[in-house]
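Asker: The following block contains the structure, expressed as structure tokens.
The values are calculated or read from the model by the stated rules, or taken from the named source; none is laboratory data. Nothing here was measured: the structure is a model prediction, and the numbers come from that model. With ideal geometry, Cβ positions are generated from the backbone for all residues, glycine too; neighbour counts draw on all protein chains shown.
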Amino acid sequence: MALLMPASLLMVSATTSADAADAPQNTTNARQAKAKGKAKLVAMPQIVQQGKKPASAGSAKAALTATIKPAKAGRPVALQVQKGKKWKTVSKTKLTKKGLAEFGAPISKGGKALTYRVTAAPYKGAKAVTSKPTTTERWLTASFSDDFTGSTLSPSWSNRGIYYEPDSLRECSKGDPSAVSVSGGTVKLSVIKDPTRANERCVAKKDGKSTGSFDYRLNGHIGTEGSVSMRYGFAAARIKTHKLRGQHGGFWMRPTTAGGGDPRAEIDVVEYFGDKHPQGGLTSFIYSTKNNKAVKTGSWIKSPTSFLKNKKDGWSKNYHVFSVEWTPKMYVFRIDGKETYRTKVGVSDQFQFPILSLLSSDYEISQMPGGDKKLPQTMNVDWVRLWQA
């Protein structure tokens, strides 16, 4: 059953076509008259919640994505919610070059699912089109949710990477509980100086060459291995990143040890390498194995500022929801419900568990402006949610 797509992921469509009696006589216009307009709408979980302060995961908005054909960039598209026998427009946007219209809207009212549809107005020769309704019912309840309330981690989480590991390119840093704290409804993952090695210096290396000597570091690095895992569905985390280069924050997933499988099967939902990074700082990667060889798929997220709300927004200034949609055939990555990247390469069929980390790897330590004096650096995570498909 886990291999079957949930009904709510199936995109629904409606079509319109020109009346044959009114079709123009010339060949070009005749083809246009026969062309069908299509509108498809998909409802997803609550993965839209940009904001300055911590907020309840339950108040996040559901993501809804419409695909409109013909794809005419700039075409007005409206999202409507059903109220009795009537439809009310709740949001408007314009079609992208790829024919997408992406929305964030409430997932429920009074605990009950909502039904939505999209309508696209006539535009540059394209006739008006309306999608069939789709409901948010499938995603009302997450299979795992942690809002990081209280002052300690829940039993679901444990610390990772607690040894200095040269083979993992972290000879100068290791995971430690003292770099993790819970307060104000968030878990704070930091890179701090290791007080037990205050009188020592570590020689950091990049590509086997020294980049200088630095303080030993402790990393915030936690996961739910042996406690919480999933296979297929959505995984999301609301994160406000750290600021400076020299370390990278991450929300990622690794396979459980039970059942064997590919030990390299890793899903890097998002990594952030600091403000003012020349390539924008955000990445999504997939690790897998093919023909006994390691395969790395993914890249720097293109035009990352286009996913910010405005010029005052920023990854280290405000919270954003980073998510992955995982099906048996594909990964789709999103920021606040807007697609950043998709791939069919290296899709895992194993159960995976979520990980949160702020890691200071040897190859990047020398990149931090101000060096050791700028420690600590901190990444804040407001909540984590999984929706098992």
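Asker: How many of the residues making up the range 195-232 are in contact with a Lys or Arg (Cβ under 6 Å, 6 or more places away or on another chain) and of a type in the set (D, E, K, R)?
Answerer: Count: 1.
Asker: So for the range 198-218 (the condition being closer than 23 Å to Leu356 by Cα, among the polar types (S, T, N, Q) and touching a strand residue (DSSP E or B) at 6+ places or on another chain (Cβ under 7 Å)), does at least one residue qualify?
Answerer: no
Asker: Can I ask one more? Identify all residues within the range 112-123 that are crowded, with 18+ Cβ neighbours inside 10 Å and either within 24 Å of Ala73 (Cα to Cα) or touching a residue at least 60 places away in the same chain (Cβ under 8 Å) (or both); write none if there are none.
Answerer: Passing the criteria: Tyr116, Arg117, Val118, Thr119, Ala120, Tyr123.
Asker: Which one of Gln49, Gln82 is under 24 Å from Lys317 (Cβ atoms), of a type outside the set (Ser, Thr, Tyr), modelled with pLDDT of 95 or more and out of contact with any Gly (no Cβ under 7 Å at 6 or more places or on another chain)?
Answerer: Gln49
Asker: Follow-up question, since we're still on this one. Would you confirm, using the coordinates I've provided, whether Thr211 is polar (S, T, N, Q) and farther than 30 Å from Lys69 by Cβ?
Answerer: For Thr211, the condition - polar (S, T, N, Q) and farther than 30 Å from Lys69 by Cβ - is met.
Asker: With respect to Lys174, is the statement that it is under 16 Å from Ile222 (Cα atoms), surrounded by 15 or more Cβ atoms within 10 Å (Cβ to Cβ) and in contact with a strand residue (DSSP E or B) (Cβ under 9 Å, 6 or more places away or on another chain) true?
Answerer: Yes.
Asker: Those residues that are crowded, with 19+ Cβ neighbours inside 10 Å and assigned to a strand (DSSP E or B), I need them from the range 124-143; list them, please.
Answerer: The answer is Ala126, Val129, Thr134.
Asker: Of the residues Ser108, Ser91, Ser154, only one is within 25 Å of the chain's Cα centre (by Cα), closer than 22 Å to Ile239 by Cα and not acidic (Asp, Glu); which?
Answerer: Unique residue meeting the criteria: Ser154.
Asker: Take Val324 and tell me if it is in contact with a strand residue (DSSP E or B) (Cβ under 8 Å, 6 or more places away or on another chain), part of a loop (DSSP other than H, G, I, E, B) and farther than 17 Å from Gln247 by Cβ.
Answerer: Spelling it out, it is not the case that Val324 is in contact with a strand residue (DSSP E or B) (Cβ under 8 Å, 6 or more places away or on another chain), part of a loop (DSSP other than H, G, I, E, B) and farther than 17 Å from Gln247 by Cβ.
Asker: Picking from Ser210, Ser173, which residue would you name as being free of Cβ contacts under 8 Å to residues at least 40 places away in the same chain and farther than 25 Å from His320 by Cα?
Answerer: Of Ser210, Ser173, the one residue that is free of Cβ contacts under 8 Å to residues at least 40 places away in the same chain and farther than 25 Å from His320 by Cα is Ser210.
Asker: Shifting gears a bit: Of all residues in the range 329-371, how many are β-branched (Val, Ile, Thr) and either without any contact (Cβ under 8 Å) to a residue 24 or more places away in the chain or surrounded by fewer than 19 Cβ atoms within 10 Å (Cβ to Cβ) (or both)?
Answerer: Total meeting the criteria: 4.
Asker: Have a look at Trp326, Trp300 and point out the one that is at negative phi and surrounded by 21 or more Cβ atoms within 10 Å (Cβ to Cβ).
Answerer: That would be Trp326, the only listed residue that is at negative phi and surrounded by 21 or more Cβ atoms within 10 Å (Cβ to Cβ).
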